[in-house]
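The values are calculated or read from the model by the stated rules, or taken from the named source; none is laboratory data. All values reported here derive from a predicted model rather than from experimental measurement. Every residue, glycine as well, gets a Cβ built from its backbone with ideal geometry; the counts of neighbours run over all protein chains shown.
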Amino acid sequence: ELAQIGVTGLAVMGRNLARNFARHGHRVAIHNRTYAKTESLLAEAGSEGTFVPSRSMADFVASLERPRRVIIMVKAGPATDAVIEELIPLLETDDIVIDAGNAHFPDTIRREAQLKEHGLHFVGSGVSGGEEGALKGPSIMPGGSRKSYESLGPLLEDIAAKVDGEPCCTYVGPDGAGHFVKMVHNGIEYADMQLIAEAYDLIKQGTGASAAEIAEIFRTWNEGDLESFLIEITADVLAHTDAESGQAFVDLILDQAEQKGTGRWTVQNALDLGVPITGIAEATFARALSGSLPQREAARGKLAAHTQAWDVQDRDAFVEDVRQALYASKVVAYSQGFDQIAAASAEYGWDIDRGAMARIWRGGCIIRARFLNRITEAYEREADLPLLLADDYFADAVGSSLAAWRRVVAGAAQNGIPTPAFSSSLAYYDGVRAERLPAALIQAQRDFFGAHTYRRVDKPGSFHTEWSADRSETALDDDEA
Ligand code: NBP
């Protein structure tokens, strides 16, 4: 009997995806470059379902029913290309190759075109939820052709996380769309984590609360609007003590945040598209700052603070302010991320349904949160919503947090506590709602030194002023400008 789906690449992720399919009653072909990993899967989890192991790629491909569905789960980058090269001569027209690793979406666009030439479908699919998600139900973001989804979708939906009976998996869009959405998901994850870290730091420095006390605060928050996986694990981390010293575990960890690069990709793409995702960018740069050791060393003890120890009088009121500031900043980060998806969708011709993306992020993935229901509802009210922040629900929710948000950001600035994500999110909020921005002055400056022209509020057309001469104004054709 042939297998319904195959997985090649059996490190933590591939192994658990294969087990997930088997646990759902699917026959799963399994393969790994080094056979020892295949053997260890069989030895440790072979009884969970029906696995069809192969030592060679040729046998692996031959063990699959047609059209073949082959999931590649290897280290992103050249390894993926190597596996694709190996697969191409073994596959036949209409077979489907799924890259479920963390590929950068331009690579996915390239690979999709390459496989199309061979009559094959290529599905770049985001998979979020880490090791545990892969086993128990991830959030799955598949791109590629719609036709491939007809054959592949039901299998993926079967193993995906479920929320209110709905699978956290849906067709995202052509070629690189799935990996793009996964990339933005990871960018939002960076912002979410940074915001939570800033909230922790504010409470710690503002009130002197212990890590264990702050853990309790996060547990309470997790019962309200902020309920999410990241808040939940934050409470667990903060409550953890070092077995040897009994100290708060978080205090023993080196304060230098690392990254694998998806945040950087998100920001690079946002710069290309001209979308202000300041929350994600600040979060990415905050990690970079934490790792800027020579600079931190040079600044330590040298740069003045001119602050006094923060003496918060009403601790409960302050904690509630921080909670509201966190919520409002989080809405901004998501609003910006969804803007980026909309811009990319238009630029690359993907037609991505943003409400559906919020729906499949409700379970399985790292940013899963109660809050995402509200985002789906907002896009159900208006599919082409130009600004999530301006949806009635979010505008009200953020509006009622505004006073608290301003108090927190002002207090942080006065007391020298860095809150790049809180502060820049508030600046974005005030920028995007402003009746008039100082961009007018920038346009005049550009025209002054570079004759870049400007438009006027009181008449149509483009203009240039002779700044270095008599300051007379010339009207230009738009073509000329
Ligand atoms: P790794 O990213 O650590 O990759 C290890 C796998 O790649 C092994 O099966 C290895 O085979 C295989 N491989 C390599 Br390396 N080079 C190869 C080559 N040239 N040809 C064939 N196979 C090759 O595994 P992972 O942590 O399970 O992650 C898999 C993918 O899932 C990655 O793209 C990752 O970014 C993504 N992802 C990971 C997580 C997570 O939480 N870890 C979450 C979401 C997505 P070998 O056994 O023979 O060395």
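Before moving on, here are some points about what is shown:
- In this structure, Val275 does satisfy being at pLDDT 95 or above and part of a loop (DSSP other than H, G, I, E, B).
- Consider segment 54-71 and keep the residues that are away from the ligand (no atom under 14 Å from the Cβ) and part of a strand (DSSP E or B). The one that is farthest from Asn186 (Cα to Cα) is Leu64.
- Lone unmet requirement of (1) within 19 Å of Ala333 (Cα to Cα); (2) surrounded by fewer than 11 Cβ atoms within 10 Å (Cβ to Cβ); (3) of a type outside the set (A, V, I, L, M) for Gly431: (2)
- Of the residues making up segment 115-136, those that are among the aliphatic types (A, V, I, L, M), within 14 Å of the ligand (Cβ to nearest atom) and out of contact with any Pro (no Cβ under 6 Å at 6 or more places or on another chain) number 2.
- One residue from Ala18, Ala22, Ala43 being part of a helix (DSSP H, G or I), surrounded by fewer than 14 Cβ atoms within 10 Å (Cβ to Cβ) and among the aliphatic types (A, V, I, L, M): Ala43
- Where a residue in segment 459-470 is over 17 Å from Gln445 (Cβ atoms) and its partner, wherever it lies, is of a type outside the set (D, E, K, R) and outside any loop (DSSP other than H, G, I, E, B), with Cβ under 9 Å and at least six apart: Lys459/Ala475; Gly461/Ala475; Gly461/Leu476
- Within segment 409-439, the residues that satisfy the criterion of being touching a residue at least 12 places away in the same chain (Cβ under 8 Å) and farther than 17 Å from Thr278 by Cβ are Gly411, Gln414, Asn415, Gly416, Ile417.
- Residue tally, condition over 26 Å from Gln259 (Cβ atoms) and within 11 Å of the ligand (Cβ to nearest atom), over segment 72-114: 4
- Positions within segment 170-227 being under 30 Å from Leu115 (Cβ atoms) and of a type in the set (Asp, Glu), in sequence order: Asp175, Glu189
- Lone unmet requirement of (1) within 27 Å of Ala58 (Cα to Cα); (2) within 14 Å of the ligand (Cβ to nearest atom); (3) of a type in the set (Ser, Thr, Tyr) for Ser139: (1)
- Boolean, Glu244 is surrounded by fewer than 18 Cβ atoms within 10 Å (Cβ to Cβ), within 22 Å of Gly130 (Cα to Cα) and modelled with pLDDT of 95 or more: no
- Total residues in segment 95-117, condition within 18 Å of Gly6 (Cβ to Cβ) and either of a type outside the set (A, V, I, L, M) or part of a helix (DSSP H, G or I) (or both): 5
- Selection status of Gly77, surrounded by fewer than 21 Cβ atoms within 10 Å (Cβ to Cβ) and farther than 21 Å from Gly173 by Cα: yes
- Subset of segment 198-228 (residues that are assigned to a helix (DSSP H, G or I), surrounded by fewer than 16 Cβ atoms within 10 Å (Cβ to Cβ) and among the hydroxyl-bearing types (Ser, Thr, Tyr)): Thr220
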